[in-house]
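Encoded as structure tokens, the structure appears first; notes follow it.
All of the numbers you see were taken from the coordinates with simple rules; none came from a lab. Note that the structure is a prediction, hence the values are computed from the model and not measured. Positions of Cβ are backbone-derived with ideal geometry, glycine not excepted, and every protein chain shown enters the neighbour counts.
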Amino acid sequence: MSQVVLQCLQYYCAAAGTVAALIVSLDLGRKWTGWGFVIFVTSSIALVAWGFLDDKAEGIGLQNVALFAINCVGVWRYLLRRKRPG
């Protein structure tokens, strides 16, 4: 894989993860937190791709398979699930 592509994936993941963490940590409400988790999902997808395309980063890829699932739960919980009445 091209080193340029791998480097772009790395920088995207770093930036997206930082922005998502900031959004979630600010606790601006369900909608904002949900969108923070959407950004985390994109970051996890990019890190899985990078982890399996770079010979030396397989551990990051495997870790982000699990983080992808966790972040999908966050999207479901904050954006897709109907809030229970009462």
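For the stretch 32-41, the Karplus equation 6.51 cos²θ - 1.76 cosθ + 1.60, evaluated at θ = phi - 60°, returns couplings of 5, 4, x, 5, x, 5, 4, 5, 4, 4 Hz by residue, with Gly and Pro reported as x. Using only side-chain charges placed at the Cβ, +1 for Lys and Arg and -1 for Asp and Glu, the dipole size of the chain relative to its Cα centre rounds to 760 debye.
I'd like the distance separating the alpha-carbon centroids of the stretch 1-39 and the stretch 52-67, in whole Å. The stretch 1-39 and the stretch 52-67 have Cα centres separated by 17 Å.
Put a dot 7 Å past the Cα of A66, heading toward its Cβ, do the same for M1, and the two dots end up 2.1 nm apart. Working from label points 7 Å from Cα in the Cα-to-Cβ sense, the Y12 to S25 distance is 2.4 nm.
Our summary gives the chain a relative contact order of 31 percent, counting only alpha carbon pairs under 8 angstrom and 6 or more residues apart.
Looking at (1) 13.4; (2) 15.4; (3) 12.9, which value of Kirkwood radius over Cα pairs in Å comes from a calculation on the structure shown? Identified label for the calculated read-out: (1). Rounded to the nearest 500, the helix-only mean residue ellipticity at 222 nm of the chain stands at -27000 deg cm²/dmol, with each DSSP H run of n ≥ 4 adding -39,500 (n - 2.57).
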